[in-house]
Amino acid sequence: MNKDLRQPIIAGNWKMNMLASQVEAYAQELLLLTQGHESWCKTVVCAPYPLLPAAIDAFKGSGVGTGAQNLSMHASGAYTGEVSAAQLIDIGAEYVIIGHSERRAYYGETDEIVNKKSLAALESPLRPIICVGETLQQRELGVTFDLVSMQVKTALHEVAADALGRVIIAYEPVWAIGTGVTATPEDAQEVCHAIREVISGLYGQEAAGATPILYGGSMNDKNARELLMMPDVDGGLIGGASLKPESFAVIVNAASQR
Ligand code: PGA
């Protein structure tokens, strides 16, 4: 499917930054700076749990979606400190990041856990943004494609074809996250294309052509345009550069003009 038929998605990942009291001003500035681009690019902000109600409120009616950065694989029950898909939906969140490399590295999230969380999200109306990507060592060993392919296949295990329509994949090479080192547009394209081939093998070409595949890892206002022009790069998952509305807006606007 032609890239032009996939709406670009730019998702901000605030990680453990910002305060609830800062959200309203952030939202107002972002909306002002991206005015006129909202129908071309789907903008999403993924906030820490306690900031979500403020973000949902601040972006209400604007077209900017809101999401969490994690969720429980369980539906409810005795899981102290966890947050369920139903609880996120109940407050009005629409997206959730799953399997971010920081969760994989610091909290032991395996591909199997990522799969269970993806299934939990898809049992609700949430749209999961499933993160995959190789470490520098894995890239140097030449196993990037095998590894990313395995991550995608495992994450999508038992995901029904009709639920795939809500899945967003984010290719985030671990060595590019928060380091200022970005993958070249060609490297990003190569892996995003390989991911689409994997999805095509699982669900067919049409479904793969409709699946948004984002790039993440030091994407910023300077390098976004080049990355977003690549045929299989449908948007970005943005960490550091999403914390300032000025830089985030430049990326959103670049995506809507691609
Ligand atoms: P970064 O983070 O843009 O700060 O590299 C991206 C991410 O972790 O999603």
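The values are calculated or read from the model by the stated rules, or taken from the named source; none is laboratory data. These numbers were taken from a predicted model, which means no experiment stands behind them. Virtual Cβ from ideal backbone geometry, glycine too; neighbours counted across all protein chains shown. In case anyone asks, the SASA skips ligands and DNA or RNA and just uses the protein heavy atoms, side chains included. Shrake-Rupley method; radii C 1.70, N 1.55, O 1.52, S 1.80 Å.
Scanning the stretch 1-25 for residues that are open to solvent by 90 Å² or more (accessible area, probe 1.4 Å) and modelled with pLDDT of 95 or more yields MET16, LEU19, SER21, GLU24. Annotation: PHE145 fulfils all but one of (1) closer than 22 Å to ALA68 by Cβ; (2) more than 16 Å from the ligand (Cβ to nearest atom); the unmet one is (1). Sort out which residues of the stretch 88-102 are within 14 Å of the chain's Cα centre (by Cα) and in a helix (DSSP H, G or I), and write them in order of number. Hits for the stretch 88-102 are SER101, GLU102. Close contacts from the stretch 92-112, counting a first residue that is over 14 Å from GLY12 (Cβ atoms) and touching a residue at least 12 places away in the same chain (Cβ under 8 Å) and a second that is within 11 Å of the ligand (Cβ to nearest atom) and assigned to a helix (DSSP H, G or I), with Cβ to Cβ under 6 Å and a gap of 6+ residues or different chains, come to SER101/VAL174. All conditions in (1) surrounded by 15 or more Cβ atoms within 10 Å (Cβ to Cβ); (2) in contact with a His (Cβ under 9 Å, 6 or more places away or on another chain) hold for GLU112, with the sole exception of (1). Does SER124 count as open to solvent by less than 60 Å² (accessible area, probe 1.4 Å), modelled with pLDDT of 95 or more, closer than 23 Å to CYS46 by Cα and away from the ligand (no atom under 16 Å from the Cβ)? So SER124 passes the test.
Among residues of the stretch 4-19 that are within 18 Å of ASP221 (Cβ to Cβ), those with a Cβ under 6 angstrom from a residue that is open to solvent by 50 Å² or more (accessible area, probe 1.4 Å) and not in a strand (DSSP E or B), sequence gap 6+ or separate chain, pair up as ASN17/LEU243.
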